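Down below is the structure, laid out as structure tokens.
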Amino acid sequence: MPETPVQDATSGVTATGRATGLVPPDAPPAYHRLLERLGQVSDLHAATTLLNWDEEVNMPPGGAAARAEQKATLNRLAHEAFTAPEVGQWLDELAGWEAQLDPESDAAALLRVTRRDYERARRVPPDLVAELARASSQGYQAWVEARSQQRFAVFAPALARLLELRRQMADALGYPEERYDALLEGHEPGMRTRQVRELFTRLKEGLVPLVQAIAERQDRVRDDFLHGDYPDAAQWELTLEALEAIGFDFQRGRQDRSIHPFTAPLATGDVRLTTRINPRVFGPAFFSSLHEGGHGLYEQGFPAAWHRTPLADGASSAVHESQSRLWENVIGRSREFWRFFFPRVQARFPQQLAGVDAEAMYRAVNRSRPSLIRVDADEVTYNLHIMLRFELELALLSGDLPVDDLPGAWREKTRAYLGIEPAHDVEGVLQDIHWSWGGFGYFPSYALGNLIALQLWEAALRDEPGLPEEIARGRLGGVLQWMRQHVHRHGARYEPLELVRRVTGAELSEQPFLRYIRRKYGELYGL
Ligand code: ZN
């Protein structure tokens with residue numbers, strides 16, 4: 001399998017005598033200065049992340065205005081430090097030395113990633129950034145108001161303004177084929193809109209008939225026993241047990257509570273997760289913790305020597321999402337996992353789960369049904385929610401779809417893909433926060449992450465066919481070890497499509513995901 005040789009993370013020499021570490025012995029002064037600056041930028045970003053984490057976990061409501069100022073100041077300082085003219089001079093000075101480096105070395109990777117990020121950041125006009133920040137906060141307020149009135153029209157003018165600014169931003173950044181490329185690049189470096197469109201078209205053809213078939217057999221899978229009295233404290237303990245089981249290191253991370261679960265990576269040695277517990281249902285908190293735990297394992301797996309550099313980061317949003325979805329769904333919703341984990345859940349909830357066994361639990365946590373809200377969607381229908389958004393974003397950005405026609409287009413696509421229709425805009429076009437702050441180009445990463453997860457999992461099973469049996473015995477370390485070796489230790493070294501190619505020996509494809517979904521749900525629903 002095409003894989004890079006294992007390298008010493010700090011320094012080393014290949015057989016050809018060329019240095020491979022992050023700081024080669026002959027590194028010029030400009031390289032040391034650059035590393036120092038990247039470290040400062042990374043510290044500023046980590047401080048912003050901590051302020052965000054605190055805002056969601058601890059901050060009293062009265063802190064909101066001051067917190068917005070604090071974050072804006074740190075963001076501005078980080079942007080100024082990174083885009084300063086001397087950074088460009090150092091990169092220019094280093095070009096000759098860089099050409100002599102082993103392209104697979106850490107130093108070459110660092111310069112490649114830094115150059116890419118620097119050039120993109122330099123193209124961003126500061127006035128446009130300020131304008132977007134204002135439009136985002138107005139957009140968010142309009143979105144909140146539109147939701148409370150259940151009227152899209154209240155949000156429409158702000159959305160039109162955000163779209164116009166994003167078009168200007170895309171033009172300032174430049175793009176190889178189409179405007180959307182410029183926005184996609186911010187989340188999936190090196191990937192083109194055309195590639196996403198092709199993958200999604202084939203994925204949709206495979207999924208829509210399957211969703212219809214499952215919708216007609218709803219009585220096959222019951223999950224009623226997951227709803228009832230599931231006290232908070234016992235659920236909390238189970239989320240911690242599950243995180244421990246998958247290998248999340250609590251010496252280098254922690255879990256807290258927030259309204260919207262998320263992962264805040266401050267350093268490889270300090271990764272913060274959050275979860276949210278509803279004491280009336282078992283499942284959402286448990287799988288949310290596994291999801292964030294997957295993000296957290298990735299962050300804990302970057303080489304320690306890369307700390308405070310842009311290499312200590314995920315390859316892309318989609319690759320990050322592949323890790324969370326792997327643990328949440330591929331592992332966490334597998335029959336093998338529940339053979340191992342069910343007794344622990346039943347021990348905490350003996351009355352609630354009386355008469356239920358591991359197989360019934362496996363079936364219940366995999367119940368699939370078309371629903372209107374993306375964040376509640378199961379793994380069969382989830383990607384259709386994403387495709388709908390991707391197609392609408394493309395049409396909005398190009399101007400083919402006028403903003404006023406968006407709610408109608410949303411309803412039409414929801415009916416075509418999921419067979420259901422929202423009664424009002426809050427459970428339709430107003431459900432996601434992303435567009436309220438102008439976050440176009442992000443949605444594809446969620447679905448791409450699902451595809452990458454399954455392509456990685458097939459590769460892992462080719463290497464180690466015994467992994468599922470290990471999971472059934474509660475030994476999840478083999479899965480983590482494989483991901484560490486093939487994905488985590490590369491950090492942001494490779495672009496997402498290159499990483500997939502190197503690790504799996506194939507181009508990114510929708511086929512592994514479709515194979516998995518057809519096999520699993522075909523069996524569950526007797527298709
Ligand atoms: Zn995620």
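Tell me, please, whether a residue that is away from the ligand (no atom under 16 Å from the Cβ), within 30 Å of Leu35 (Cβ to Cβ) and surrounded by fewer than 19 Cβ atoms within 10 Å (Cβ to Cβ) can be found in the range 358-375.
Within the range 358-375 (the criterion being away from the ligand (no atom under 16 Å from the Cβ), within 30 Å of Leu35 (Cβ to Cβ) and surrounded by fewer than 19 Cβ atoms within 10 Å (Cβ to Cβ)), the answer is no, since none of the residues qualifies.
Which number in (1) closer than 30 Å to Gly190 by Cβ; (2) touching a Gly at 6+ places or on another chain (Cβ under 8 Å) marks the one condition that His260 misses?
All conditions are met except number (2).
With the condition kept exactly as written, say whether any residue in the range 197-213 is among the aliphatic types (A, V, I, L, M), in contact (Cβ under 8 Å) with a residue 60 or more places away in the chain and more than 29 Å from Tyr521 (Cβ to Cβ). Full working, then the answer.
Step one: filter the range 197-213 for residues among the aliphatic types (A, V, I, L, M), giving 199, 203, 207-208, 210-211, 213.
Subsequent filtering for residues that are in contact (Cβ under 8 Å) with a residue 60 or more places away in the chain retains 199, 203, 207-208, 210-211, 213.
Right, trim to more than 29 Å from Tyr521 (Cβ to Cβ) and you get none.
No, the range 197-213 contains no residue that is among the aliphatic types (A, V, I, L, M), in contact (Cβ under 8 Å) with a residue 60 or more places away in the chain and more than 29 Å from Tyr521 (Cβ to Cβ).
Regarding Val487, is this residue of a type in the set (A, V, I, L, M), within 16 Å of the ligand (Cβ to nearest atom), on the phi < 0 side of the Ramachandran plot and at pLDDT 95 or above?
On the way: of a type in the set (A, V, I, L, M): yes; within 16 Å of the ligand (Cβ to nearest atom): yes; on the phi < 0 side of the Ramachandran plot: yes; at pLDDT 95 or above: yes.
When the stated conditions are applied, Val487 passes them.
Pairs needed: first member in the range 18-42, assigned to a helix (DSSP H, G or I); second member anywhere, hydroxyl-bearing (Ser, Thr, Tyr) and at pLDDT 95 or above; C-beta distance under 9 Å; at least 6 residues apart or different chains.
Every condition considered, the pairs that remain are Leu34/Thr114; Leu35/Thr309; Leu38/Thr114; Leu38/Thr309; Gly39/Thr309; Ser42/Thr309.
What number goes with the only condition from (1) without any contact (Cβ under 8 Å) to a residue 40 or more places away in the chain; (2) away from the ligand (no atom under 16 Å from the Cβ) that Leu238 does not pass?
Leu238 satisfies every listed condition except (1).
Take the range 315-340 and flag every residue that is surrounded by fewer than 22 Cβ atoms within 10 Å (Cβ to Cβ) and over 26 Å from Leu499 (Cβ atoms).
If the condition is that a residue be surrounded by fewer than 22 Cβ atoms within 10 Å (Cβ to Cβ) and over 26 Å from Leu499 (Cβ atoms), then Arg335, Glu336, Arg339, Phe340 are the ones that fit.
Run Asp404 past the list (1) in a helix (DSSP H, G or I); (2) crowded, with 19+ Cβ neighbours inside 10 Å and report the number of the one that doesn't hold.
(2)
Against the conditions (1) more than 17 Å from Tyr446 (Cα to Cα); (2) free of Cβ contacts under 8 Å to residues at least 60 places away in the same chain; (3) touching a Pro at 6+ places or on another chain (Cβ under 9 Å), where does Arg192 fall short? Just the number, please.
It fails just one condition, (1).
For Tyr230, which of the numbered conditions (1) touching a strand residue (DSSP E or B) at 6+ places or on another chain (Cβ under 8 Å); (2) not in a loop (DSSP other than H, G, I, E, B) fails to hold?
(2)
Look through Glu237, Glu198, Glu244 and report the one residue that is out of contact with any strand residue (DSSP E or B) (no Cβ under 8 Å at 6 or more places or on another chain), part of a helix (DSSP H, G or I) and under 30 Å from Ser436 (Cβ atoms). Even if it seems obvious, please write down each step before you answer.
Values: Glu237 fails: under 30 Å from Ser436 (Cβ atoms); Glu244 fails: under 30 Å from Ser436 (Cβ atoms).
Result: Glu198 is the single residue among Glu237, Glu198, Glu244 that is out of contact with any strand residue (DSSP E or B) (no Cβ under 8 Å at 6 or more places or on another chain), part of a helix (DSSP H, G or I) and under 30 Å from Ser436 (Cβ atoms).
Of everything in the range 437-462 that's closer than 18 Å to Gly478 by Cβ, in contact (Cβ under 8 Å) with a residue 60 or more places away in the chain and touching a His at 6+ places or on another chain (Cβ under 9 Å), which residue is nearest to the ligand (Cβ to nearest atom)?
Leu456
When the range 262-273 is examined, which residues are found to be surrounded by fewer than 20 Cβ atoms within 10 Å (Cβ to Cβ) and either in a strand (DSSP E or B) or of a type outside the set (Phe, Trp, Tyr) (or both)?
Pass one, the range 262-273, residues surrounded by fewer than 20 Cβ atoms within 10 Å (Cβ to Cβ): 262, 266-267, 269-270.
Those that are surrounded by fewer than 20 Cβ atoms within 10 Å (Cβ to Cβ) and either in a strand (DSSP E or B) or of a type outside the set (Phe, Trp, Tyr) (or both): Leu266, Ala267, Gly269, Asp270.
Contact list please: Cβ distance under 8 Å, first residue in the range 245-272 and within 17 Å of Phe286 (Cβ to Cβ), second residue part of a loop (DSSP other than H, G, I, E, B) and away from the ligand (no atom under 16 Å from the Cβ), pairs at least six apart or on different chains.
Ala245/Gly474; Ala245/Leu476; Ile246/Leu476; Gly247/Leu476; Arg257/Ile277
Could you tell me which residue of the range 263-281 is farthest from the ligand (Cβ to nearest atom), considering only residues that are farther than 21 Å from Phe349 by Cβ and in contact with a Leu (Cβ under 8 Å, 6 or more places away or on another chain)?
The first filter runs over the range 263-281 and keeps only residues farther than 21 Å from Phe349 by Cβ, leaving 263-274.
Keeping just the survivors that are in contact with a Leu (Cβ under 8 Å, 6 or more places away or on another chain) gives 263-264, 266, 272-273.
Details: Thr263: 7, Ala264: 12, Leu266: 17, Arg272: 14, Leu273: 11 Å.
Step by step, filter the range 263-281, then rank; the result is Leu266.
Can you find even one residue in the range 267-275 that is in contact with a Pro (Cβ under 8 Å, 6 or more places away or on another chain) and farther than 30 Å from Tyr494 by Cβ?
yes
Just give me the residues in the range 323-336 being within 14 Å of the ligand (Cβ to nearest atom), over 30 Å from Leu110 (Cα atoms) and small (Gly, Ala, Ser), in sequence order.
Gly332, the sole residue that qualifies.
Take the conditions at pLDDT below 95, over 28 Å from the mean Cα position of the chain (by Cα) and surrounded by fewer than 15 Cβ atoms within 10 Å (Cβ to Cβ) and apply them to Asp229. Does it pass? Let's see the steps before the verdict.
Values: at pLDDT below 95: no; over 28 Å from the mean Cα position of the chain (by Cα): yes; surrounded by fewer than 15 Cβ atoms within 10 Å (Cβ to Cβ): yes.
No, not satisfied.
Could you grab me the full set of residues in the range 417-444 that are in contact with a Pro (Cβ under 9 Å, 6 or more places away or on another chain) and assigned to a helix (DSSP H, G or I)?
Correct list: Tyr417, Leu418, Asp425.
Filter the range 282-322 for residues that are charged (D, E, K, R) and without any contact (Cβ under 8 Å) to a residue 60 or more places away in the chain; which is farthest from the ligand (Cβ to nearest atom)? Write out each step before concluding.
First, pick out the residues of the range 282-322 that are charged (D, E, K, R): 292, 299, 308, 313, 321.
Those still in the list that are without any contact (Cβ under 8 Å) to a residue 60 or more places away in the chain too: 292, 299.
On the way: Glu292: 7, Glu299: 12 Å.
Checked the range 282-322; the qualifying residue farthest from the ligand (Cβ to nearest atom) is Glu299.
I need the helices (runs of 4 or more DSSP H) fully contained in the range 50-143, keeping only those with at least 3 residues that are under 24 Å from the mean Cα position of the chain (by Cα), of a type outside the set (Ser, Thr, Tyr) and surrounded by 15 or more Cβ atoms within 10 Å (Cβ to Cβ). Full working, then the answer.
Values: elements: 64-83, 85-93, 95-100, 106-123.
Output list reads 64-83, 106-123.
Which residue out of Glu379, Glu359 is out of contact with any strand residue (DSSP E or B) (no Cβ under 8 Å at 6 or more places or on another chain), without any contact (Cβ under 8 Å) to a residue 40 or more places away in the chain, closer than 26 Å to Gln218 by Cα and of a type in the set (D, E, K, R)? Don't jump to the end; show me each part of the working.
Details: Glu379 fails: without any contact (Cβ under 8 Å) to a residue 40 or more places away in the chain.
The unique qualifying residue is Glu359.
The values are calculated or read from the model by the stated rules, or taken from the named source; none is laboratory data. From a predicted model like this one, the values you see are computed outputs, not experimental measurements. Heads up, the Cβs are rebuilt from the backbone with ideal geometry, glycines too, and the neighbour counts pull from every protein chain shown.
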